[in-house]
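This report refers to the structure that appears directly beneath it.
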Amino acid sequence: LVAKPSMMNPAGGGPAPTHDHGHETPDPVALGLPEPRTEVRAVVSPFNVPDDFRTQLAPLYASYVDIQAALSTDDSDGAKRAASTLKDALSKPDMSLLTGDAHDIWMKEQSQMLSTVSQIVGADNIERARFAFALLSEQFIAVAKRFGTADSALHRFHCPMAFDGRGADWLQMKQRTENPFFGSAMFRCGALEESITPATPAAGQEVDDGNE
């Protein structure tokens, strides 16, 4: 985004190569939104948290997935409604169940997720909502890896084309790509990178992206 060397543009000095799929992607700087975090692929050790706390996270994951599903079908109003539900749900988990680092990190993640989901609630167009969702996704991926899930697997997908080739990740409960960053323009663009399950995550899985 600032002409520095990157995986997409090792030499730097200009914008990363892009792919023209007939769909304009937003410029994050022009939108005035912060840069998404970059540690979503980092290997982290999950916290040993009480099952009750994981159970309380289930409505948060469900509301997050409702945002993803709405954006994948170009439903801006649906995404904002789901984001409003998530905003309310974020205050519900009982952080008194957590101790030590788990407690501190949850407080930090909760605050950041509240700030980001508020951007989706207040978004005046779907592209602004999608960029905020990219940031929210990285926050949710970090939470899922640190705090786990109670009963449903969450699948991390990656779209290399999002945001002019910068790429972006998101979570789904479904195992077939439903791209929230391009919607109907490139609904099946992306691949399943890993699954975060109540047991052991399974990395390196592939999924049919619908392209023959």
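The values are calculated or read from the model by the stated rules, or taken from the named source; none is laboratory data. These numbers come from a predicted model, not from an experiment. Please note: Cβ atoms are built from the backbone with ideal geometry, for glycine as well, and neighbour counts cover all protein chains shown. What goes into the accessible areas is simple: the full protein's heavy atoms, side chains included, and nothing from ligands, DNA or RNA. Shrake-Rupley method; radii C 1.70, N 1.55, O 1.52, S 1.80 Å.
The figure for Lys92 is an accessible area of roughly 140 square angstrom, using a 1.4 Å probe on the protein chains alone. Available extension along the chain between His103 and Arg176 is 22.9 nm, counting 0.36 nm per residue and deducting the alpha carbon span. Taking amide H positions as modeled 1.01 Å from N, with prolines and chain starts lacking one, the residues under 5 Å from Cys189 and 5 or more places away or on another chain are Asn179. Protein-only accessible surface at a 1.4 angstrom probe places the residues Thr55, Thr197, Thr99 in the order Thr99, Thr55, Thr197, largest first. Couplings 3J(HN,Hα) for segment 47-64, derived from phi with the Karplus relation 6.51 cos²θ - 1.76 cosθ + 1.60 (θ = phi - 60°), are 6, 8, 9, x, 4, 4, 5, 4, 4, 6, 7, 4, x, 5, 4, 5, 5, 4 Hz, where x marks Gly and Pro. A 1.4 Å probe, protein heavy atoms only, puts the accessible area of Phe187 near 60 Å².
The 3J(HN,Hα) values that the Karplus relation (6.51, -1.76, 1.60; θ = phi - 60°) gives for segment 187-198 are, in residue order, 4, 9, 7, x, 9, 6, 9, 6, 10, 9, 10, x Hz. Gly and Pro appear as x. Spin-label model, Thr55/Lys92: points 7 Å from Cα along the beta carbon direction are separated by 1.3 nm. A simple rule links phi to the HN-Hα coupling: the Karplus curve 6.51 cos²θ - 1.76 cosθ + 1.60 with θ = phi - 60°, which for segment 66-72 gives 5, 5, 4, 5, 5, 5, 5 Hz, with x for Gly and Pro.
By the gyration tensor of its Cα atoms, with a ≥ b ≥ c the square roots of the eigenvalues, what is the shape of segment 40-117: rounded for a/c under 1.5, prolate for a/b over b/c, or oblate? Prolate is the answer for segment 40-117, as a/c is 1.5 or above and a/b outweighs b/c. State, to one decimal in nm, how far the label point of Ala150 lies from the label point of Ser45, with both points 7 Å from Cα in the Cβ direction. Roughly 2.7 nm, to one decimal.
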